Amino acid sequence: MPRRRQAVSLPRLWAPWRSGFITAKKPPRRCIFCLAQANHEDQAHRVIARGRYAFALLNLYPYNNGHLMIAPHRHIGELDRLRPAEWAELLTLSQRLVRRLRRTLRPHAFNLGLNLGRSAGAGLPGHLHLHVVPRWDGDTNFMPVLAHTKVMSQSLDELYHLLRDGRG
Ligand SMILES: [Zn+2]
């Protein structure tokens with residue numbers, strides 16, 4: 001009998017708290033980006049920055065501490081359907097938030113990227129989003145031993161207050 005669930009693309013970082021997301025039986029009913037965008041309870045949805053065409057929120061299932069996502073307001077999955085102003089704002093927000101993360105969490109490096117399509121690792125392929133993942137020297141190597149403690153010790157609430165708009 002074939003296994004029901006094959007491993008989804010393995011994250012580079014060890015992130016066991018993502019298992020709730022990866023093994024969730026049902027996908028969320030509504031797009032979490034559309035929900036967060038339309039709802040103005042920013043803290044509840046961990047929305048940390050809003051622009052005219054795009055906004056940013058914390059990833060509830062982070063690969064690393066401070067993992068953010070920046071998405072256009074419109075529900076679109078294809079890069080070539082983004083309007084120039086939307087693409088420009090995704091990039092402007094990413095610059096602003098990289099600066100903010102550098103100042104608050106003091107990472108050594110960053111990964112920024114788009115997963116376009118489910119086969120490329122997109123968990124929510126219908127609504128394009130740019131990942132911003134802070135990195136620290138050795139976080140891959142020491143993840144199983146140290147980072148779990150480190151990541152979990154900084155709650156999403158705490159991160160939200162550190163990174164939300166109005167903090168520069
Ligand atoms: Zn959406």
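Observations on the structure shown:
- Maximal additional length on extending the Asp165-Leu116 stretch stands at 14.9 nm, based on 0.36 nm per residue less the C-alpha distance.
- Among 74-85, 35-46, sorting by the average number of other beta carbon atoms lying within 10 angstrom of each residue, highest first, gives 35-46, 74-85.
- Kirkwood-based Rg to Rh ratio, the stretch 27-163, C-alpha trace: 0.95
- Summed side-chain charge close to Ala44 - residues other than Ala44 whose Cβ falls under 13 Å, Lys, Arg +1, Asp, Glu -1: -1
- Taking a sphere under 13 Å around the Cβ of Gly117 and counting the other residues whose Cβ falls inside, with K and R at +1 and D and E at -1, yields a net charge of -1.
- Which of Ser94, Ser155 has the fewest Cβ neighbours within 10 Å, and the rest in rising order: Ser155, Ser94
- Amide H contacts of Ala54 (H built 1.01 Å from N, in plane; Pro and chain starts excluded): His73 sit under 5 Å, all sequence-distant by 5 or more or on other chains.
- Between Asp137 and Gln43, the FRET efficiency estimated from the beta carbon spacing at R0 = 30 angstrom works out to 0.40.
Throughout, read-outs are computed from the coordinates displayed, never taken from laboratory work. Note that the coordinates shown come from a computational prediction; the quantities given were computed from them, not determined experimentally. Glycine also receives a Cβ, built like all others from the backbone with ideal geometry; neighbour counts cover every protein chain displayed.
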